[in-house]
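A short write-up of the structure that comes next.
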Amino acid sequence: MTRWTITALDTFEQFQALAGEWNDLLRDSQIENIFLRHEWLTEWWRHYGAEFEVWTLVAHDATGALAGIAPLMRTRRGARCVLWMGGAFVSPNHLDFILREKTPELVEAFCAFLLARRGEWDWLDLNKLPAQSPTREWLIAALRARRVFVRSAESARCPFTQLPSSFEAYLQMLGRRTRKDFRQDTRRLASDYPEAMSRRVQTPAELEDVFSAFVALHQARFKERDEPGSFADARFVAFHRAAALRGLEHGTLQLDYLKIGDEYVAIDYAYRLGRTVLGYSATFNLQWAKYSAGIVMLGRTLERAIAEGVQVYDFLEGEEDYKAHWAHNVSADWRVRAISPHWRGGLMWLGWYLPRLLKKISSRLARRA
């Protein structure tokens, strides 16, 4: 017996009906992550959901109030893998259970439900769980206590910075060379082009124009390197266009741009929830590279964030050079994988374990030879 009643949502309509309660619970859980917002996941499902089945677990307490959500889905074909809803194709970070009360007992209740329905899934693969969340340890402990085969490993590193109370104080946190170069580039651009305008998208019409420019600039940079770029995929572009519009409607989108005349010089694509900004992507016009336009734009974005009371700017995963200079901390996301204690899961375990065992035996024999 538990304090909660666990049920599974198995249709998109059931998921949609939970919109208001979902976002309220996310706010009350103090998780500031756009990738777990209901409208983000709705647009993700509309663009990518055909390959999956909704299988989101919800917990209600004795009063009938929503107490927790495990935002999950299952693959439709082949091995029935349970994943984070929205966890594929768009590289989200910091995915987690949404819990009103941070307690291991509720995570254990979700695990008990999963294992009671073990014939309905073969493989659990929850990637990008934040290291700082207790969910990861609770989940692993609950599964291992029930003798479930579990593996966990770090899967991403996300640079971030704690923002001080003023932009000048933030600049003092940067390396001397970074600070000097930023100030010189900013002064030079302002001197040569005093009409340079920095703005944030406010209307759907403005969003359409700026987002189109963002995609074009992003792809131009990758084309120069003979790489495809993520925005070469039409479905990826369509999803982000729709998600950005929903973000604009809900007040979470922060699409900032630097423009000179009719030309877009640099664009930052981010979302804000509470005290946290997640910087999803940024790009600049190659013709303005001599002014370090992307860095000038980043500085203006961070200056605005500080003025607006943002406390954390998360650059998300990626190894871009500028992150090493402008971020001062790194958080880790982890991947937790488990095999269902069902005969189908057992076959998967053999397929995973035997090749590794044979490789280990072969390596030992080779060393003895």
Measuring from its Cα centre, the chain shows a charge dipole (+1 at each Lys and Arg Cβ, -1 at each Asp and Glu Cβ) which, in debye to the nearest 20, is 2000
In a Gaussian network model of the chain with springs linking alpha carbons closer than 10 Å, the residue among GLY86, GLY49, GLY251 that fluctuates most is GLY251
Residues other than SER212 with Cβ under 15 Å of its Cβ, Lys/Arg counted +1 and Asp/Glu -1, net out at -3
Of 89-98, 325-334, ordering from highest average Cβ density within 10 Å down gives 89-98, 325-334
The distance between the Cα centres of the range 160-178 and the range 12-68, in whole Å, is 36
Expected sort for THR276, THR283, THR178 with the fewest Cβ neighbours (10 Å cutoff) up front is THR178, THR276, THR283
Env charge @ THR283, Cβ radius under 14 Å, K,R +1 / D,E -1, value -2
Given the candidates ALA244, VAL310, GLY261, the one whose Cα lies deepest towards the positive end of the charge dipole of the range 164-310, counting +1 at each Lys or Arg C-beta and -1 at each Asp or Glu C-beta, is VAL310
Per the 1/(1 + (r/R0)^6) rule, R0 = 56 Å and r from the Cβ atoms of ALA79 and THR203, FRET efficiency to 0.05 is 0.80
Partner lysines whose C-alpha sits under 29 Å from that of LYS360, ignoring same-chain residues fewer than 8 away, are LYS128
Listed residues ALA305, ALA242, ALA232; largest mean-square fluctuation, Gaussian network over the chain with Cα springs below 10 Å, found at ALA232
Treating only Lys and Arg (+1) and Asp and Glu (-1) as charged, each at its beta carbon, one finds that the range 50-131 has a dipole about its Cα centre, in Debye to the nearest 20, of 220
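Coordinate-derived values only; no laboratory data. Remember, it's a predicted structure, so these values are computed and weren't measured experimentally. When we count neighbours, we look across all protein chains shown, and the Cβ atoms used for this are built from the backbone with ideal geometry, even at glycine.
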